[in-house]
Amino acid sequence: MMKMNSKKIIISLIVFVVAGLLISGVIWAKGQTNPTSTQAQLKNFCERLPQILSKIDQRLTEKQSRLQEIRNEHWQNIAEQRNERNERLAENRQRWDENRAAHFEKILDKAKDDEQKQTVLAFHQAVAEAISQRRQTVDQAIREFRQDFDEALASRQLLVDQKINEFLEASRSALEQAQTDCNNGLEPRTIWQNLRDELKAARQKLNQDRQEITKLNDLIKPLTETKQGKMHQAVEAFQTTLQTAKDELKELLGL
Amino acid sequence: MNSKNQKIEEIFEQAVKLLRDGKTPKQVLDLWPEAETELEDLLKLTNILKEQKEFFEPKQELLKTILNQLEKIDVAEKELSPYLIKNKGRFSIINNLLNQIHNLMTLRWKIAFSLIVIVVGLGLYYQFGLEKPQYVIGLDNQKILLSEPSADVNKMAEALNQEASIEQSLTAEENALLIDIDSSMMSDFGQSYDENEL
């Protein structure tokens, strides 16, 4: 019995060691770079370069041509949104006017004599003028906001275009230099390394520029605050006028 | 007056019968000299209708077809269409046409047609007749009901203040959801290639 057990143990040990050696061998083999294949890649780099050049250039060109299209769509969206808001505001104002007229009609019906009617009409006039004034201020604030916003956005877009152009120039320049170096018979490994470094630098610069450009929200925020400030003032002025007119009316009508 | 008309009717009926039996119009008129004028007019009219008989009366085959298509009705029904009742001496093309249309319409169709008329009527009333509640469009396209017009000055003032607030909030919405296209494009350009894949 003991003999059988020790036999089993020995066999297990042998299997374990062999397996371990095999696995280690595989791992070792995988971990090793194949100097032959890497060298071949670098050696053929100049032969592969035109293909690399063409591929990258095609991508850059496609994105460049799409750039203006995207910009146009963006401005169109802004214009559509603005038109929608204009229409909604106009429709709302019309409904408010109708509602207000209905209110006044009822108040006027309650007037007992001509004097009271005149008082109500005067109140109506005062309110109408106050509303008109408020709306004018609001409309002007919106106009100014939109104008300032368009200018700021256009200016930002110019800067973005400039940074993108710098990136494109740097990328294409690096690719052309690599081609020239290949034509001049420089060491492929050196050409490859230089190209890699320059392309990486171009991308990093673009990314940095993107970080540094003013965020859109930061651009809009001061403009929005200015607009809202003007609107707030207009509404406050209106409410004050309304309160005064209302108190006068109530006093004269004995309400 | 009524009794005179009644007498004329009775005389007319008898006169028509005699004409059918082969008497001449003159012979018939001689029998009732007191009603000669009225009777002569009626008989002339009858003569005209008789001459235009084919125009007014449908052919037998058509009558049979129409009758077969009609649902059977209870002849003891009190409610008979006035067009089915023989009008006394008066007959028109329009009446005849209406009569034929009426005969073709079964009860089911009458009910369906009535329902359609009621539904359409209600729809038109709802659309144009009823006073719909007034509203304005607020933020996120929400409908905000306007106050019911009243003679209360305070309520009117509240409505005006609400108007000012809504207007202000709507204009604050401008460009709130603007996407930073420029930043996205710069990022996109940066992914045109990967130098590690050279």
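The values are calculated or read from the model by the stated rules, or taken from the named source; none is laboratory data. All values reported here derive from a predicted model rather than from experimental measurement. Counting neighbours? That spans all protein chains shown, and the Cβs are built from the backbone with ideal geometry, glycine included. Ligands, DNA and RNA are stripped out before the accessible areas are found, and what is left, the full protein with its side chains, is counted by its heavy atoms. Shrake-Rupley method; radii C 1.70, N 1.55, O 1.52, S 1.80 Å.
Say R0 is 60 Å: what FRET efficiency, to the nearest 0.05, do B:VAL117 and A:ALA111 get from their beta-carbon distance?
Working: r = 46 Å, r/R0 = 0.76.
After rounding to 0.05, the efficiency reads 0.85.
Taking every residue in A:89-96, how many Cβ atoms of other protein chains lie within 10 Å of its Cβ, on average?
Rounded to a whole number, the mean comes out at 5.
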With label points set 7 Å from each Cα along the Cα-to-Cβ direction at A:ALA79 and A:LEU255, the distance between them in nm comes to 4.7 nm
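Hey, which of these cross-link pairs are over 29 Å Cα-Cα: A:LYS112/A:LYS246; A:LYS55/A:LYS163; A:LYS205/A:LYS227?
Details: A:LYS112/A:LYS246 18 Å; A:LYS55/A:LYS163 22 Å; A:LYS205/A:LYS227 36 Å.
Cα-Cα > 29 Å for A:LYS205/A:LYS227; rest within.
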Quick calc: nm separation of the 7 Å Cα→Cβ label points for A:ASP161 and A:LEU13 -> 8.1 nm
Kirkwood Rh for chain A from C-alpha pairs, in Å, is 27.2 Å
Once accessible area is computed for A alone, B alone and the pair with a 1.4 Å probe, the total buried surface, to the nearest 100 Å², works out to 5900 Å²
Region A:173-205 scanned against label point 7 Å out from A:GLN39 along Cα→C-beta; backbone N under 20 Å for A:186-193
Yeah, region A:164-206 with a ≥ b ≥ c from its alpha-carbon gyration tensor (a/c under 1.5 is rounded, else prolate when a/b outruns b/c, oblate otherwise) is oblate
Under 20 Å by backbone N from the virtual spin label 7 Å along Cα-to-Cβ at A:GLN68, the residues of region A:192-213 are none
Rounded to one decimal in nm, the spacing of the 7 Å Cα→Cβ label points at B:ASP194 and A:GLU212 is 2.8 nm
